[in-house]
């Protein structure tokens, strides 16, 4: 989760005064509490591992079924991520660096599939091609559902690149292709690595998509085990292996990212890059974004229309849809506010008072955000089963908090980084306490970013399935769980209104994401 | 103002992180203050029809928590006496046995037991059958002729059936069938059959999905329960028009009739309401919904006929299995060992 495409990365120079005497303030305390909370699922997985004992644990982990799941999951990641990356780079280049007709419209259309929840994508594909299943289907639908996560940062990075370096390379005799591969592509490394990590983590966490097209991954197998034994050791051991997979991805990304500098040296502004003329190639080049839009937007929308048409007026059962919508909005709003508020202390510390301890704390938050909802939910089930918060909205919100904290954190960091520290210092010199200064000055300036972060969290909650299924209070039916209940009974027509509402709710947030990514590029 | 904004920021955090458990205590103490909580593993639509009709008749509110048999059964066991559940309804009996073994059921009223014949409920009377469902082999009419059908469910373990049949191993339905096999043929035979199944069968998620695949000709046949076929036939037939049901009969493990159970939790603080709900389902009101509604499960109430479209229960020649003896824990262990879970 370290790489939502919103990172502004503006550096703030800190005066010694800003650092001193702050570390143990209540802000640090709050950050510590949130970070420890974030470590709960991880601690739980370790604890269960120890509890289970080596003999049982190894019998449950080192068996052929786990091998199968490992192969499935690994193949999925290894095939999907590079495909997404190649597609994203090609599309980003077309929309940002060429005179592709309608480039701005394509840029927005290529982000729009994010408004369609992943399991709605596979529902659409199951309708169009009922025989789809297994690894090829898994890879195809995953690419379609998740490539925008790579397209967004890559396009933003391309917009931001200083074309001066390309000019120099060209003047030294490199052809256009050589310039692209030797100058442009290396500079996209951070964006590609970050986006790839995000896609990879989504692949590990996704449940509904793969159940519908019959492809078993660790996440689907954990839910199977959960439904067979509630929280038996087998489910917990599988989730242990899944955690290891997530960390492997994180490590891989860190290694691939490298330590090179990518910033311009010296002052001045980069000029706008020239758009390359596609000439007679623009026809064939248009095919790529067009095809992708048909697959990623056309198929779901046509399918939804088809089922809504087939179901007629009777599928619009507002007595059921109304409460689902209301509960979803309630959970999304509460979760978004809670998560954003919880992220404030950590975000502030990491910008205003960076140090080794802060970096460790922050890493805790990101790490847990990378854990699939199923692992977080399983941990919370076992931890809360004897507590009064069991099966209340509190537990679900806690799960959302843990899962979506990085989204809020990254947005807030960007916002706080843009709020000048001098204003905060001025407020303090006028007698405000640090907390007052933070609240009255910095938070007010960072409010737009906080809102963007909250919207991202809300979007995540609206489309969240597994943790909600496992933790929700009695009687809860969110849009996602209602959709899931109907589509598992193969009542695709009754499921369609829920899917449509989820898409409509997600659209404005996707738009926001798109706008934000253009703004960070400064254009 | 300064103080206010400071305390606001603090309060927001505190509200989120510290005061939250306190607020929730008020919520959990009486989750069912105005009604009963039903842990429902039966089909959501059937139980909703039951609950709506019951609420309409009695004014007692019913809140449903939907899940699968073993998931909710194990959940109740883990929750123990603190369980918010008042009533537990399942699709199959192994999960009922699981909760009963943990000593968590209250005895049912004699009047409730009187609604159901003795062969559809355990003798101890701590839960009762509320519906029944028959195992069938569903096959694609274009791919298999009646002569090519398996004579016994055990035949599906032979190499001849490799890659030709499907099931939904993660579902409670299929696990109930395995528990009957375990009860009838013993552990070694069951383990061997499951091992062969891992080799031979294609796993799907959900019986409806198996039916859909068979209908589409993606696979020749599959083990499911009968009513998925009838339900789809009653709607559009889109997922079943090319399919046909084969009943194994002859007391074969594949002719197993699974009993859906209903019971009242001993820890329920709403005993009268909970007892009334189970009695209502087992009685005429609930059983009529099975007979006339679109659930197509068998009615088990005394003197209540099932939906006339179904093959009568008496003609199915089901093997005799004590529903209270079916063991879900052992089944999920065996299936985990076989690599199916």
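Here, each number is a calculation from the coordinates, and none is a lab measurement. If you're wondering where the values come from, they're calculated on a predicted model, not measured in any experiment. Methodologically, a virtual Cβ is constructed for each residue, glycine included, from the backbone with ideal geometry; neighbour enumeration extends over all protein chains shown.
Dimensions of segment A:349-435 along the principal axes, based on C-alpha atoms and rounded to the nearest Å, stand at 49, 25, 21, largest first.
With both labels modelled 7 Å from their Cα along Cα-to-Cβ, the residue B:315 to residue A:181 distance reads 7.3 nm. The P(r) of segment A:441-516 has a tail past 15 Å containing 63 percent of all C-alpha pairs. Our note on the geometry: Cα centres of segment B:129-180 and segment B:84-116, 28 Å apart. Listing A:321, A:410 from fewest to most neighbouring C-beta atoms within 10 Å gives A:321, A:410. Using the Cα coordinates of segment A:201-292, the gyration tensor eigenvalues translate into equivalent-ellipsoid semi-axes of 44, 25, 9 Å, sorted from longest to shortest. The three principal axes of the C-alpha atoms in segment A:54-164 carry coordinate ranges of 60, 39, 19 Å, sorted with the longest axis first.
Between residue A:326 and residue A:99, the simple label model (points 7 Å from Cα in the Cβ direction) yields a spacing of 5.7 nm. Principal semi-axes of the equivalent ellipsoid, √(5λ) from the alpha carbon gyration tensor of segment B:123-258, are 23, 20, 13 Å from largest down.
For segment A:407-435 and segment A:270-302, write down the distance between their C-alpha centroids in whole Å. A separation of 41 Å, based on Cα centres.
Applying 1/(1 + (r/R0)^6) with R0 = 22 Å to the Cβ-Cβ distance of residue B:235 and residue A:129 gives a FRET efficiency near 0.50. Per the Debye calculation on segment A:267-407 with a single equal scatterer at every Cα and no solvent contribution, log₁₀ I(q)/I(0) for q = 0.10, 0.16, 0.17 Å⁻¹ amounts to -0.73, -1.01, -1.04.
Reducing segment A:325-355 and segment A:112-163 to their Cα centroids gives an inter-centroid distance of 27 Å. Counting, for every residue in B:71-83, the Cβ atoms of other protein chains within 10 Å of its Cβ and taking the mean gives 4. Here, segment B:193-253 is characterised by an Rg to Rh ratio of 0.99, where Rg is the alpha-carbon radius of gyration and Rh the Kirkwood radius. What the Cβ-Cβ distance of residue B:199 and residue B:269 gives, at R0 = 51 Å and to the nearest 0.05, is a FRET efficiency of 0.55.
Put one equal scatterer on each alpha carbon of the protein assembly as shown, apply the Debye formula with no solvent term, and list log10 I(q)/I(0) at q = 0.04, 0.10 1/Å to two decimals. Ignoring solvent entirely, the Cα scatterers give -0.19, -1.11. Each label point is 7 Å from the Cα along the Cα-to-Cβ direction; what then is the distance between the points at residue A:54 and residue B:78, in nm? Going by the 7 Å Cα→Cβ label model, 2.7 nm.
In the calculated pair-distance distribution of segment B:300-341, the portion above 11 angstrom amounts to 77 percent of the Cα-Cα pairs. Calculated [222 nm] ellipticity per residue, helices only, for chain B: -12500 deg cm²/dmol; basis is -39500 (n - 2.57) per DSSP H run with n ≥ 4, divided by all residues, nearest 500. Taking other C-beta atoms within 10 Å as the exposure proxy, A:63, A:271, A:413 rank A:271, A:63, A:413 from fewest upward. Size estimate for segment A:116-163 follows the Kirkwood approach: the inverse of mean 1/r over distinct Cα pairs works out to 12.3 Å.
Using only the alpha-carbon atoms, how far is helix B:69-79 inclined from the longest principal axis of chain B? Give it as 0 to 90 degrees, nearest 10. The angle comes out near 30 degrees. Look at the alpha carbon pairs under 8 Å that are at least 6 residues apart: their mean separation over the length of chain A gives a relative contact order of 26 percent. Helix-only arithmetic for chain A: the sum of -39500 (n - 2.57) across DSSP H runs with n ≥ 4, divided by the residue total, places the mean residue ellipticity at 222 nm at -23000 deg cm²/dmol.
Note on A:162, B:52: ascending count of other Cβ atoms within 10 Å places them as B:52, A:162, the fewest first. Remark: segment B:53-99 is approximated by an ellipsoid whose semi-axes, taken from the C-alpha gyration tensor as √(5λ), come to 22, 13, 8 Å, largest first.
When the Cα atoms of segment B:87-156 are aligned to their principal axes, the ranges along those axes come out at 50, 25, 19 Å in descending order.
Measuring r between the beta carbons of residue A:518 and residue A:360 and using R0 = 25 Å, the FRET efficiency lands at 0.15.
Across chain B, Cα-Cα pairs more than 36 Å apart make up 25 percent of the total. The mean number of Cβ atoms from other chains found within 10 Å of a Cβ in peptide A:430-437 is 3, as a whole number.
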